[in-house]
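Take a look at the structure below.
The values are calculated or read from the model by the stated rules, or taken from the named source; none is laboratory data. Since the structure is predicted, the reported quantities are computational estimates derived from the model, not experimental observations. Don't worry about glycine lacking a Cβ; one is built from the backbone with ideal geometry, like all the others, and counts go over all protein chains shown.
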There are 2 protein chains.
Amino acid sequence: MTLSLSASESPSEALPRVANWHGLIHTYRHYLPVTDRTPIVTLHEGNTPLIPAPAIASEIGRGVQVFVKYDGLNPTGSFKDRGMTMAITKAKEAGAKAVICASTGNTSAAAAAYARRGGMRAYVLIPDGYVALGKLAQALLYGAEVLSIKGNFDRALEIVREVSENYPVTLVNSVNPYRLEGQKTAAFEVVDVLGDAPDWLCIPVGNAGNISAYWMGFCEYHQEGRCSHLPKMMGFQAAGAAPLVSGEKVTHPETLATAIRIGNPANWQRAIAVQEASRGEFNAVTDDEIMTAYRKLAAHEGIFCEPASAASVAGLLKHKEKVPAGAKVVCVLTGNGLKDPDSAIKFSENNFRQGVEPHLEIVAQMMGF
Amino acid sequence: MTLSLSASESPSEALPRVANWHGLIHTYRHYLPVTDRTPIVTLHEGNTPLIPAPAIASEIGRGVQVFVKYDGLNPTGSFKDRGMTMAITKAKEAGAKAVICASTGNTSAAAAAYARRGGMRAYVLIPDGYVALGKLAQALLYGAEVLSIKGNFDRALEIVREVSENYPVTLVNSVNPYRLEGQKTAAFEVVDVLGDAPDWLCIPVGNAGNISAYWMGFCEYHQEGRCSHLPKMMGFQAAGAAPLVSGEKVTHPETLATAIRIGNPANWQRAIAVQEASRGEFNAVTDDEIMTAYRKLAAHEGIFCEPASAASVAGLLKHKEKVPAGAKVVCVLTGNGLKDPDSAIKFSENNFRQGVEPHLEIVAQMMGF
């Protein structure tokens, strides 16, 4: 029983009630590099639902249970908030006046939201011509200042590093060591809710930071006896951006799943270590398989995620024969589908009929009555 | 102390952990029209964060505390999920094979997600030429079937009602009585987290369903002694769609806050009763005031909501002199800002500088170093 109960003894007070959640640092501070004096910058991230996926499970059969960890319900719409609350908290503790990153996606939105909440400025560097305004709108609304440089993404990464080394500005790209610390709490939440670790953890892999963080979380809990075993870590990459599957850098990664369109993962060695230690696997899924899983999650489970998130479910379904009977499987959904409205328009079934005569009988007939 | 503690006695097990949340019906079933045999259709909605808003509070001063109830972190991105889990659960219990609504916004998305999760078909009726595909993309991806009729919105409402009266199809528009039952749980959550009711509850008002539902929730908790008082209910309408302020229907309501662009609220009488019973007020806020609050929430608090949601904060700031010193105020944010990317693009500060020379010194100079 992990639902909270009030301490009061009156009967009505003994009913279950919602937990007073103050964010993941508050809850898991015992496992995080903070002290009582650390100024916590939080949007009450974490505590995201672990939702059963019965339609996916029934495709697998054999008593397999499937859950999705819906991290798109974090405050800025992606799992990046878990790492960013830690990174920005430590930046504030260190006295930084500003943070900087090179990113066009979920990282820039999370960095901007937490930096502004913490009273810091947020700078985002991108290459000229790299991105549509729509992708940056969220970060801009949060108050990010975006500089678009003459140069490619690697040059942008060099400059943000140089800035952070020469000025009181904290780099919050994936090299920031606190981000994985925050992200590992997702594993804690999974174990807290299931009562143990799952048998399989299916996860989309781009930079391989999140798979490394989940593994850290499971291992820490396992060392404390909070789970009885460790999961097999099943990482899935898009076929056009699958360096961990091929073992080779991909110079021009291509996939509709933009959040995992990475040819040279920052956490390559860490990811290999996770795969070996967990007896896990890296496998590739095609864009078709990803978008099929994306539609299936929405239309059969009622869950709307980013295309990249659906790689975890696509991979599970592709490798369903390997899942042990009766196993518990958790698929990580890293981002909210609302982040990418264009994909929703493009890949929906488009059951949209126009010019319907406004009469009961005609409408009823179109509904199959 | 409402953070849950494990029942186990080992020291590591006594640490706080995330609650095992199964959705609002599960948690608040004692207050809802369900039995042990009711087939609950849930996406684990509810349990949304109540986030302090220190920047808003400091504009008011005098020791006033401000929190936002961020209901945009529900599974489909709006508070509609609270009502829809109840409406769809009861539809399933009654044996419905399909549900229907006339809506172009958050209701259609929620209806589609929950209906499909419950194994039912979801129909959405809209007037021809009424809406861009983008607004419906989420519902379509969830598997809604959209019929666009030759006729206006009132005709669409007539037809969905006729369909529900003549076929085994449940109407899930705002007339569905179970929706307010589900929505009232937001008030329960606010009281559970604060430990009592707030002094003021600021809320955007369109159809006036949500203000009615919150009031129901506060009253039920108050009757059970779970809060010591009832809040003053402060409803805010957009100036171009403010029938409850003027006392007159608005034939052509106009506001950027589309989610509250309603000229003739379905719950008009109920809303008046709430205002009278709570000694509350209805007031209007202009689109400028709404969009200023929208930007402020994002850039100062790190919270990204729909424009309509920001009406609650705009109204609070407009009437800040009336807030008693030391009062606790909760502002309801009904929807996720990601629902409306166009507004984010249009109303962000647009700190976007292109063509920056890729050199450390130049970038540092632009950052003010």
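Can you confirm whether the range B:311-326 contains a residue that is surrounded by fewer than 24 Cβ atoms within 10 Å (Cβ to Cβ) and in contact with a Gly (Cβ under 8 Å, 6 or more places away or on another chain)?
yes
Examine the range A:253-261 for a residue that is farther than 23 Å from A:Ser78 by Cα, surrounded by 17 or more Cβ atoms within 10 Å (Cβ to Cβ) and modelled with pLDDT of 95 or more, and state whether such a residue exists.
Within the range A:253-261 (the criterion being farther than 23 Å from A:Ser78 by Cα, surrounded by 17 or more Cβ atoms within 10 Å (Cβ to Cβ) and modelled with pLDDT of 95 or more), the answer is no, since none of the residues qualifies.
Here is a list: B:Arg29, B:Arg82. Which entry is charged (D, E, K, R), modelled with pLDDT of 95 or more, closer than 27 Å to B:Leu136 by Cα and not in a loop (DSSP other than H, G, I, E, B)? Break it down stepwise before answering.
Numbers: B:Arg29 fails: closer than 27 Å to B:Leu136 by Cα.
The match here is B:Arg82.
When both residues are 6+ apart or on different chains and their Cβ atoms are under 6 Å apart, which pairs have a first residue that lies in the range B:166-194 and is away from chain A (no Cβ under 14 Å), and a second that is of a type in the set (D, E, K, R)?
Short answer, once both residue conditions are applied: B:Tyr178/B:Lys90; B:Gly182/B:Arg82; B:Gln183/B:Arg82.
Kindly provide the set of residues from the range B:197-215 that are within 19 Å of B:Ala308 (Cα to Cα) and in a helix (DSSP H, G or I), ordered by number.
Result: B:Gly209, B:Asn210, B:Ile211, B:Ser212, B:Ala213, B:Tyr214.
Would you pick out the residues in the range B:85-116 that are over 17 Å from B:Asn207 (Cβ atoms) and either away from every other protein chain (no Cβ under 11 Å) or not in a helix (DSSP H, G or I) (or both)?
Going residue by residue through the range B:85-116, those that are over 17 Å from B:Asn207 (Cβ atoms) are B:85, B:88-100, B:112-116.
Selection gives B:Thr89, B:Lys90, B:Ala91, B:Lys92, B:Glu93, B:Ala94, B:Gly95, B:Ala96, B:Lys97, B:Ala98, B:Val99, B:Ile100.
Restrict the check to the range B:291-298 and report whether at least one residue is within 14 Å of another protein chain (Cβ to nearest Cβ) and at positive phi.
No; the residues of the range B:291-298 include none that is within 14 Å of another protein chain (Cβ to nearest Cβ) and at positive phi.
Only one of B:Arg295, B:Arg353, B:Arg270 is more than 18 Å from B:Ile203 (Cβ to Cβ) and crowded, with 17+ Cβ neighbours inside 10 Å; which?
Working: B:Arg353 fails: crowded, with 17+ Cβ neighbours inside 10 Å; B:Arg270 fails: more than 18 Å from B:Ile203 (Cβ to Cβ).
That would be B:Arg295, the only listed residue that is more than 18 Å from B:Ile203 (Cβ to Cβ) and crowded, with 17+ Cβ neighbours inside 10 Å.
Which condition does B:Leu5 not pass, out of (1) more than 30 Å from A:Tyr142 (Cβ to Cβ); (2) modelled with pLDDT of 95 or more, if it passes all the others?
Single failed check for B:Leu5: (2).
In the range A:257-279, what count of residues is obtained for those that are in a loop (DSSP other than H, G, I, E, B) and in contact with a strand residue (DSSP E or B) (Cβ under 8 Å, 6 or more places away or on another chain)?
Total meeting the criteria: 3.
Quick check on my filter: what residues within the range B:334-368 are among the polar types (S, T, N, Q) and either within 14 Å of B:Ala308 (Cα to Cα) or more than 7 Å from chain A (Cβ to nearest Cβ) (or both)?
B:Thr334, B:Asn336, B:Ser343, B:Gln365
Would it be correct to say that A:Arg155 is of a type in the set (D, E, K, R), surrounded by fewer than 24 Cβ atoms within 10 Å (Cβ to Cβ) and touching a residue at least 40 places away in the same chain (Cβ under 8 Å)?
No; evaluated as a whole, the condition is false for this residue.
Given the structure, is A:Pro75 in contact (Cβ under 8 Å) with a residue 24 or more places away in the chain and either in contact with a Leu (Cβ under 8 Å, 6 or more places away or on another chain) or surrounded by fewer than 24 Cβ atoms within 10 Å (Cβ to Cβ) (or both)?
On the way: in contact (Cβ under 8 Å) with a residue 24 or more places away in the chain: yes; either in contact with a Leu (Cβ under 8 Å, 6 or more places away or on another chain) or surrounded by fewer than 24 Cβ atoms within 10 Å (Cβ to Cβ) (or both): yes.
When the stated conditions are applied, A:Pro75 passes them.
Collect the residues in the range A:108-133 that are touching a residue at least 60 places away in the same chain (Cβ under 8 Å) and surrounded by fewer than 24 Cβ atoms within 10 Å (Cβ to Cβ), keeping them in residue-number order.
A:Gly118
Sort through A:Gly119, A:Gly129 and tell me the only one that's more than 8 Å from chain B (Cβ to nearest Cβ), part of a loop (DSSP other than H, G, I, E, B) and at pLDDT 95 or above.
Working: A:Gly129 fails: at pLDDT 95 or above.
Within the list A:Gly119, A:Gly129, the selection yields A:Gly119.
Applying the selection to the range B:42-65, what residues are away from chain A (no Cβ under 14 Å) and crowded, with 21+ Cβ neighbours inside 10 Å?
B:Val64
Quick check on the range B:244-254. Is at least one of its residues touching a residue at least 40 places away in the same chain (Cβ under 8 Å) and within 20 Å of B:Ala310 (Cβ to Cβ)?
Applying the first criterion (touching a residue at least 40 places away in the same chain (Cβ under 8 Å)) to the range B:244-254 yields none.
The answer is no; no qualifying residue exists.
Could you count how many residues in the range B:132-165 are assigned to a helix (DSSP H, G or I) and either facing another protein chain (nearest Cβ under 8 Å) or within 19 Å of B:Asn336 (Cα to Cα) (or both)?
Of the residues in the range B:132-165, 14 are assigned to a helix (DSSP H, G or I) and either facing another protein chain (nearest Cβ under 8 Å) or within 19 Å of B:Asn336 (Cα to Cα) (or both).
With the requirement that a residue be assigned to a strand (DSSP E or B) and of a type in the set (A, V, I, L, M), what does the range A:41-64 give you?
Residues satisfying the conditions are A:Leu50, A:Ile51.
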